[in-house]
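Contents: one structure, followed by commentary.
The values are calculated or read from the model by the stated rules, or taken from the named source; none is laboratory data. Since the model is a prediction, treat every value here as computed from it, not as a measurement. Positions of Cβ are generated from backbone atoms using ideal geometry, with glycine treated the same way; all protein chains shown enter the neighbour counts.
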Amino acid sequence: MSKTDIKFGTSGWRGILADDFTIPNVRLVVQAIANYIKSSKLSSKPVIVGYDTRFMGGGFAEEAIKVLSGNNIKTLLCNRDTPTPVIAHEIIRKKAAGGINFTASHNPCNYNGIKFSPEWGGPALPETTKQIEKEIKSINEADLKVMEFDKAKSKGLVKSLDPINSYFKTLKGKLDTNILANSNIYLAIDTLYGTATGYIDRFLGEIEVGYDIIHNYKDAYFGGDSPEPSERQLKPLVQLVKENDDIQLGIATDGDADRFGIVDFDGSFIEPNIIIALLLDYLVETRGYKGGVARSVATTHLIDAVARKHNIEVFETPVGFKYIGELLAEDKIVIGGEESAGLSIKGHVPEKDGILACLLVAEMVAKKNCPLAVLIQRLYKEVGTYLTKRVNISLTEKEKERFIKKLKAPPKSIAGEKIVRVNKTDGTKLILEDGSWLLMRASGTEPVIRLYVESHTKVKLKKLAKAGEDYICSK
């Protein structure tokens, strides 16, 4: 691939191992990041370097350190595979110049990626990634500065970092651990072979909460599937919950532990959209937090309904947690979340944290002393029912171009329903008279068109989803 093809999507640059994600390209991208750090006059500060459980993660991290050391930038190398939110936490705690994290999050095992987080701890904003992309295009082979890893160590340019205890201290400040410890709640955990292993289970052990855990060992193939805590991938967790009457809740994290998955006591998978809304209601009620709520344009309007209940402002953002992270960093919101199972809260890192999300849900279930199904029905009675669906539709490049061209003139109606407003925040969102909506947008991380649909009844949801798919696939 050409260096001009290296693009940062919604969460960094991702590529296929041994195809475009190679050591030469990794060195090129890290050199561009080093140039960005030096131009920002931050090169006197260290860079946190981490990786997830993917193939060659530690090896790629060493390659990054070689380049950073060649540019006389000090590094702190995480002592093991490390969750993305923990790296964000260390950037802020250590007042670092930023962090380089080798992760492809929930993507299949043949992918890896570089996620750069600047000094404020959140995912890099577009102005930052555009500057890095510009640097990539301008770099020649002679511009690469590489120092051997052993030499970097001997010169004191690289040091080991064990971030777990400081992260746990922060978690304990965000959670009511007494409620969890005294509730006798028993959990099932699925870490999907990812970085939460040794984090979420150890934390629960420290506060004496019982659990069963599966997939808590390294497998660079992720069991032959993507490490995404979705309903399809969490069937083993569902089965574990169903088979054990002692388990009140199933919790899961993705490969780099920035996303969450939740299973109720009876094995029912709970949509992330609903979890975000429930936690907004719970945090305002129990913490007395002040501020608004942020959601991406693709995320449920159930959040808006809960916000109206509490008379708080809603911030709608493009897809990508960086925009929500910016609002968290500015202390404008109580909670921010995306339907793709990412959230963080006031006073925490401006980055998705799947570990915190899972533990907050466990605390909520313990405090309320009832299943999530009951909490959901209570919320629906208060603010109304909101049902959502997401469909990924694969198109050829030619079909994708035709679809994008067609969207320049959005339809006036769909499924026989009048469209009253078109929202172009990110993709094209068609809003109907009763508040139902469809959003169509190209993914920033996968070669698909994403269709998001929301309505108030199952019948209408199904009708709108079919109409949306037909519209995307039609000529």
Quiz item: Could you count how many residues in the stretch 35-64 are among the hydrophobic types (A, V, I, L, M, F, W, C), over 21 Å from the mean Cα position of the chain (by Cα) and farther than 28 Å from Ser344 by Cβ?
Solution: 1
Exercise. Please enumerate the residues belonging to the stretch 463-475 that are out of contact with any helix residue (DSSP H, G or I) (no Cβ under 8 Å at 6 or more places or on another chain), of a type outside the set (A, V, I, L, M, F, W, C) and in contact (Cβ under 8 Å) with a residue 60 or more places away in the chain.
Key: Gly468, Glu469, Tyr471
Quiz item: Considering Pro85, Pro108, Pro123, which residue is in contact (Cβ under 8 Å) with a residue 12 or more places away in the chain, surrounded by fewer than 18 Cβ atoms within 10 Å (Cβ to Cβ) and not assigned by TED's automatic domain parsing to the domain that holds Gly223?
Solution: Pro108
Quiz prompt | Hits in the stretch 22-49 (condition: outside any helix (DSSP H, G or I), touching a helix residue (DSSP H, G or I) at 6+ places or on another chain (Cβ under 9 Å) and among the charged types (D, E, K, R)) | solution = Lys45
Quiz item: Which ones in the stretch 170-198 are under 23 Å from Lys367 (Cβ atoms) and either among the hydroxyl-bearing types (Ser, Thr, Tyr) or not assigned by TED's automatic domain parsing to the domain that holds Ala362 (or both)?
Solution: Thr170, Thr177, Ser183, Tyr186
Quiz prompt | Hits in the stretch 211-269 (condition: small (Gly, Ala, Ser) and under 14 Å from Ile200 (Cβ atoms)) | solution = Gly250, Ala252, Gly255, Ala257, Gly261
Quiz item: Looking at this structure, is Lys115 under 26 Å from the mean Cα position of the chain (by Cα), within 30 Å of Gln233 (Cα to Cα), charged (D, E, K, R) and not assigned by TED's automatic domain parsing to the domain that holds Ala257?
Solution: yes
Quiz item: Just wondering, is there one or more residues in the stretch 28-44 that are charged (D, E, K, R), touching a residue at least 60 places away in the same chain (Cβ under 8 Å) and out of contact with any strand residue (DSSP E or B) (no Cβ under 6 Å at 6 or more places or on another chain)?
Solution: no
Quiz item: Which of the residues that make up the stretch 392-424 are under 31 Å from the mean Cα position of the chain (by Cα), of a type in the set (Asp, Glu) and surrounded by 13 or more Cβ atoms within 10 Å (Cβ to Cβ)?
Solution: Glu399
Quiz item: Quick check: anything in the stretch 96-107 within 18 Å of the chain's Cα centre (by Cα), within 25 Å of Gly337 (Cβ to Cβ), at pLDDT below 95 and not small (Gly, Ala, Ser)?
Solution: yes
Exercise. Tell me, yes or no, whether the stretch 301-316 has at least one residue that is under 21 Å from Ser105 (Cβ atoms), outside any loop (DSSP other than H, G, I, E, B), in contact with a helix residue (DSSP H, G or I) (Cβ under 7 Å, 6 or more places away or on another chain) and not assigned by TED's automatic domain parsing to the domain that holds Leu125.
Key: no
Quiz item: Is it fair to say Asp219 is over 17 Å from Asp256 (Cα atoms) and either in contact with a strand residue (DSSP E or B) (Cβ under 8 Å, 6 or more places away or on another chain) or part of a loop (DSSP other than H, G, I, E, B) (or both)?
Solution: no
Exercise. Kindly indicate whether any position in the stretch 202-224 is surrounded by fewer than 17 Cβ atoms within 10 Å (Cβ to Cβ), farther than 24 Å from Ile87 by Cβ, at pLDDT 95 or above and touching a helix residue (DSSP H, G or I) at 6+ places or on another chain (Cβ under 7 Å).
Key: yes
Exercise. Inspect all residues belonging to the stretch 445-462 and state whether any of them is exposed (fewer than 12 other Cβ atoms within 10 Å of the Cβ) and either assigned to a loop (DSSP other than H, G, I, E, B) or outside the structural domain of His106 (by TED's automatic domain parsing) (or both).
Key: yes
